[in-house]
Amino acid sequence: MATSTGTVQLISWIGDTVVATIAAPPLADRAVFIAFRSVDREPTLHCKAVMANLLVSAFISGYPIEARYNSNWEIEQVTVGAFDISPVGPAIHGDFYSIGGVDIPPDVEIVFDSDTMTVAVDPDMVRPHCVFLTALPSEIPLGRNVVSLRSANWTSNPVPIDVNAGPPQTARTLYSGWPKHRPYTIALAANPGIETIEGDFVIDPVMADRARYHRASVSCVRSLLTMAEDLLRQNDWDRQIRFISIFDATLSANEDNALAQEVADSTIMAPRNHRLEAFLARYDAQADIVFVVFRSDTHNRESATATTDYATSTTGGTAFTYDGVEHVHGYYPRTPGSATMSVTIGNRTMTPFHEFGHAASDYNNGRVRDLYDDNTTSSFAINKKWRAQSSDPIPAIFATYNGVDFPSDPTRDGLGYPPDWVSYHPELITPENPNLMDNYRGGQNSSLLSRLDRLTYAWFTDRLRAKFNR
Amino acid sequence: MTETTGLVQRLTVIPSDSMACVWIGPTPAIAELLLVAPGGENEAMSVDALRNTMISALVAAQVSRHEVVAVHADDDARITSLRLSPT
């Protein structure tokens, strides 16, 4: 069996055959055909019809095909695709744009080639498996383009795409995540409405500023995947994480649609986590974590609510021990973890990762708490303990997790414990920088260098592994 | 049942076996091989026709970069139902 790979230049219907001319320069064009015979079984005829439709789609889209044919040049199978990069979703001016790939170098640019011009764009975020654009530039000509990734030492395959003017998609996948049932998913959602302290529902101003929502969303992803804290990208884990965005400008502000609420006597905006699951379901979506992007002049401080996982008896989990007591890393969330995120956050900030730390912990099997205060809690906290008196010494061992002793941080490195505090923390991974769950902006170095403590990192690693492998 | 969500990275149609192989995933290197294939000898032609519309939908999704949700048994690569998701 011979093979011809290239684009379909011409398709003809002649008698009982469909003839396709495949161009694969510098080789000569090759005419191959599909024969519809009266002796063919009905399923074979159906499948040949599908194959003819595939040739038509390849002809219209500009996608190359690989045709395998016999010595009579009759096609026996056709493959379409097989690029080394994968653009995600339609190309729409002003909308997110992302491209998946393999070992994408950090200096890559996205190149759009059309009949009239070439536009090269620096991605807003690069990881080895994907690049993100906050918004597809309007300079890229409408209609047929060929997109590729290009760096100093590498150029990807060119992929034909059709660029259109809009409108941007309401729900959009930014990266598909691992091809398995319910990959670990992080959703970014523009908040349609705010529940005020008085109990009214008002339109969130973020819905009038889609461009800024896009910037804040990419800033969240950048915070999670590109800063010093490597929790989510260890072992290339971030290749497994699905990212989706929802910006639905058609929704009114009401009980069902409002995803954030003002907190009385504070400037805090809290997620309305009990509404998230039904909200996502409208878009055929589910998530483990939801970032609710909002805008408020009076309540602009972010907050988070921990995940509530299903009980182990329902959907399974991985057992662990903490100070000798058995708990479970649940596989699936009954209520996703959630965090509000002001649309005004900067391009490079650890705030999304800090809030993720709260949201990705579990209400019943270990919460990751703020370390910048001395507040006590009755719930099970992973990263915070309390002495009886502030004058009591800080124990050398903070906790025993899965049989391993994790030391305490005796000095609250980088910041120092106030003398009246009774709380204390686990040992840091990078003692020169404050804990990411502490006042990470208060250290001597850039806040972008802040990381979790050793215990929380180990606990989160096991928790996320349980969810990635579910 | 398992739902595999992703982009159609590659698709091969083989008329002699009345089947298609489809690779679904986020990138060309991370893709699950699934099949659109006959379920048995005595399958009704209506099922066969429906299955071929599924292949056509997968092709359309591939060239438009549209995400699909393929449903199959946990231990079987044959796709039993398919959704084109809003995202």
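The values are calculated or read from the model by the stated rules, or taken from the named source; none is laboratory data. Please read these numbers as outputs of a predicted model, since none were measured by experiment. FYI the Cβ positions are ideal-geometry reconstructions off the backbone, even for glycines, and counts take in every protein chain you see. Heavy atoms of the whole protein, side chains included, go into the accessibility calculation; ligands, DNA and RNA do not. Shrake-Rupley method; radii C 1.70, N 1.55, O 1.52, S 1.80 Å.
Remarks
- Placing pseudo-labels 7 Å out from each Cα toward the beta carbon at A:Gln389 and A:Asn157 gives an inter-label distance of 7.2 nm.
- Karplus 3J(HN,Hα) series, Hz, for segment A:137-146 with 6.51 cos²θ - 1.76 cosθ + 1.60 (x for Gly, Pro): x, 6, 5, 6, x, 5, x, 5, 10, 10
- Average beta-carbon neighbours from other chains, 10 Å sphere, peptide A:82-88: 5
- FRET E, pair A:Thr3, A:Asp284, Förster distance 30 Å, beta-carbon r, rounded to 0.05: 0.20
- Added length on full extension, which subtracts the Cα-Cα distance from 0.36 nm per residue, A:Asn72 to A:Ile203: 40.5 nm
- Solvent-accessible area, 1.4 Å probe, carbon plus sulfur percent, for segment A:1-94: 57 percent
- Taking only the C-alpha atoms of segment B:1-42, Rg followed by Dmax gives 11.7, 37 Å.
- Spin-label proximity, A:Thr250 to segment A:275-305 - amide N less than 14 Å from point 7 Å beyond Cα toward beta carbon: A:282-284
- Mean Cβ neighbour count within 10 Å, used as a protection proxy, ranking A:203-212, B:73-82 highest first: A:203-212, B:73-82
- Quarter of Cα convex hull surface for chain A, i.e. mean projection, nm²: 28.4 nm²
- Sequentially through segment A:191-200, phi angles give Karplus couplings (6.51, -1.76, 1.60; θ = phi - 60°) of 7, x, x, 10, 8, 7, 4, 6, x, 7 Hz, Gly and Pro residues having no value and appearing as x.
- Bridging of A:Lys180 to lysines at a Cα separation below 26 Å is possible for A:Lys467, once same-chain residues fewer than 8 apart are set aside.
- Ignoring aspartates and glutamates fewer than eight residues from A:Lys48 along the same chain, the ones with Cα atoms less than 20 angstrom from its Cα are A:Asp16, A:Asp40, A:Glu66, A:Glu74, A:Glu76, B:Asp17, B:Glu41, B:Glu43, B:Asp48.
- Loop-located GluC sites (Glu not before Pro) across segment A:244-326 with a Cβ neighbour count of 14 or fewer within 10 Å are A:Glu255, with loop assigned by DSSP.
- For A:Val290, the residues whose amide H sits under 5 Å from its own are A:Ala187, A:Gly337, A:Ser338, A:Ala339, ignoring neighbours fewer than 5 places away on the same chain, with H placed 1.01 Å from N.
- Surface/4 of the Cα convex hull for segment A:85-169, nm²: 4.8 nm²
- The string of couplings for segment A:235-251 from the Karplus curve (6.51, -1.76, 1.60, θ = phi - 60°) is 6, 6, 4, 5, 4, 8, 7, 8, 10, 10, 10, 10, 9, 10, 6, 8, 7 Hz, one whole number per residue in order, with x for Gly and Pro.
- Look at the Cα gyration tensor of segment A:320-470: its axes a ≥ b ≥ c give a/c of at least 1.5 with a/b at or below b/c, and that counts as oblate.
- Modelled this way, with points 7 Å down the Cα-to-C-beta line, the labels at A:Ile60 and A:Val39 are 3.5 nm from one another.
- What segment A:329-401 shows is 37 Å² of accessible area per residue, with the surface traced by a 1.4 Å probe over protein heavy atoms.
- Peptide A:178-191 - average C-beta neighbours from other chains (10 Å radius): 3
- Label-to-label distance for A:Arg301 and A:Val422 is 2.3 nm, based on points extended 7 Å past Cα in the beta-carbon direction.
- Residues along segment B:33-59 losing 50 Å² or more of accessible surface when the other protein chains are present rather than the chain by itself (probe 1.4 Å): B:Met45, B:Asn52, B:Val59
- Helices of chain A meeting both criteria, an alpha-carbon length of 15 angstrom or more along the long axis and an average Kyte-Doolittle score not below -1.0, with helices taken as full DSSP H segments, are A:42-61, A:210-226, A:454-468.
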